[in-house]
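For reference, the structure is listed below as structure tokens.
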Amino acid sequence: MKRRLAGACAPLLALNMALASATDALPNQEFINEWQHVTVQELASSRAECRYFEVTTRIYNLESAPNSGIAGGYFMQVQRFWLFPLVRCDDAEAPGKDLMRFTHNDGWQVNGDLVEPHRARISATHFNCMGSCSSRPAPAERFQTDLTTRAGHLQDEALKGQIPYFSPAAQMRATAQQAAGALLPLMRPLLSGNCNTFFRESLDADARAIMPQDEFCKTASQMYQLLPKVLYDEPVFAFTTSIGMLHPQNMPLLFGGDDEVLVMRQLVLDEGRGKIGMHAILRRQADGGWRIWRLSP
């Protein structure tokens with residue numbers, strides 16, 4: 001009888017050991033991810049008409065280390081994406097045909113330990129720079145900071161005044177991809193001459209509140225009816241933007257969050273008329289769909 005009880009308890013003992021092992025591994029698991037923060041600014045070169053987006057992407061790529069520690073890397077990448085038309089830019093300032101110029105990417109090696117629940121203390125050592133490294137201020141060779149987790153986000157205590165939080169990178173990329181694919185279908189009514197449908201079904205409520213429908217359609221129709229038929233669109237970029245600032249009509253426009261995406265596409269025109277650039281801020285709606293909040297041809 002005792003042997004049978006021992007045999008019956010063996011699976012339970014193995015299960016308890018597995019649960020205990022999983023519990024031991026839990027303290028640092030909430031940190032183990034690729035975390036991302038994206039800042040976008042619309043800036044001008046030496047000529048005010050030559051404008052571009054400067055995109056700064058900060059990434060914590062964290063892995064588990066022995067004794068519930070944390071290891072990995074911290075990266076900061078800067079890119080520039082020029083706006084149409086490039087004829088406004090000097091030859092030395094304009095990018096190549098891809099409209100993008102990579103500037104630099106710095107990397108730090110990260111190691112740390114948990115100091116209390118939901119808080120890790122890390123040390124970082126600079127190990128690499130790629131790109132135009134001499135054109136940027138010298139980075140910190142070493143730094144220390146505390147990382148905390150809250151509500152599915154990561155916070156860097158040293159950057160708290162500048163950066164509210166980092167989000168899971170895979171989630172941000174998936175959101176950006178969804179929004180990028182939604183832009184041209186949202187634009188189709190306007191490109192087909194159905195501005196009223198576009199106003200009702202493609203614009204976010206805040207966008208519709210800016211201007212009466214008749215006034216908007218009068219302006220938009222004059223602009224988009226001049227275009228030849230749009231055959232298809234090509235991607236330039238899409239970023240789920242943590243913090244962004246644009247300057248439409250020289251008025252600062254702040255945006256950002258997990259549900260707002262800055263998308264830039266090239267529209268390929270019929271009749272051999274080439275391409276035209278377009279960027280927009282798309283906002284996710286309560287039903288999970290997308291609508292346009294801001295649009296710039």
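The values are calculated or read from the model by the stated rules, or taken from the named source; none is laboratory data. Bear in mind that the values here come from a model prediction, so they are computed numbers and not experimental data. Backbone-built Cβ (ideal geometry, glycine too); neighbour counts: all protein chains shown. Heavy atoms of the whole protein, side chains included, go into the accessibility calculation; ligands, DNA and RNA do not. Shrake-Rupley method; radii C 1.70, N 1.55, O 1.52, S 1.80 Å.
The simple spin-label model puts a point 7 Å past each Cα toward its Cβ; for Asn194 and Val115 those points are separated by 5.9 nm. These residues, Met211, Met223, go from largest to smallest accessible area, 1.4 Å probe, as Met223, Met211.
With protein chains left intact and a 1.4 Å probe, residues in the range 164-217 average 49 Å² of accessible area per residue. Computed from label points 7 Å out along Cα-Cβ, the spacing between Glu141 and Lys160 is 2.9 nm. For an R0 of 22 angstrom, estimate the FRET efficiency from the Cβ-Cβ distance between Arg208 and Leu254 and round to the nearest 0.05. My answer for the efficiency is 0.65.
Phi angles of the range 190-200 translate, via the Karplus equation with coefficients 6.51, -1.76, 1.60 and θ = phi - 60°, into HN-Hα couplings of 5, 5, 8, x, 9, 5, 4, 5, 4, 4, 6 Hz per residue; Gly and Pro are given as x. Summarising the amide proton neighbourhood of Asp204: residues at separation of 5 or more, or on other chains, whose placed amide H is nearer than 5 Å comprise Ile292, Trp293. With contacts taken as Cα pairs under 8 Å and at least 6 residues apart, the range 186-297 reaches a relative contact order of 23 percent.
The packing ranking of peptides 35-44, 134-143, 198-207, highest mean first, is 35-44, 198-207, 134-143, where packing means the average number of other beta carbon atoms within 10 angstrom of each residue. In this structure, the amide hydrogen of Phe237, modeled 1.01 Å from its nitrogen in the peptide plane, lies closer than 5 angstrom to those of Met264, counting only residues at least 5 positions away or on a different chain. Potential lengthening of the chain between His247 and Ser134 amounts to 37.8 nm, from the contour at 0.36 nm per residue minus the alpha-carbon distance. The string of couplings for the range 117-129 from the Karplus curve (6.51, -1.76, 1.60, θ = phi - 60°) is x, 6, 9, 10, 10, 10, 10, 10, 10, 5, 10, 6, 9 Hz, one whole number per residue in order, with x for Gly and Pro. Model label sites at Ser221 and Lys275, defined 7 Å from Cα along the beta-carbon direction, differ in position by 3.1 nm.
For the range 159-164, the Karplus equation 6.51 cos²θ - 1.76 cosθ + 1.60, evaluated at θ = phi - 60°, returns couplings of 9, 4, x, 9, 10, x Hz by residue, with Gly and Pro reported as x.
Normalised per residue, the accessible area of the range 249-297 is 49 Å², obtained with a 1.4 Å probe and no contribution from ligands, DNA or RNA.
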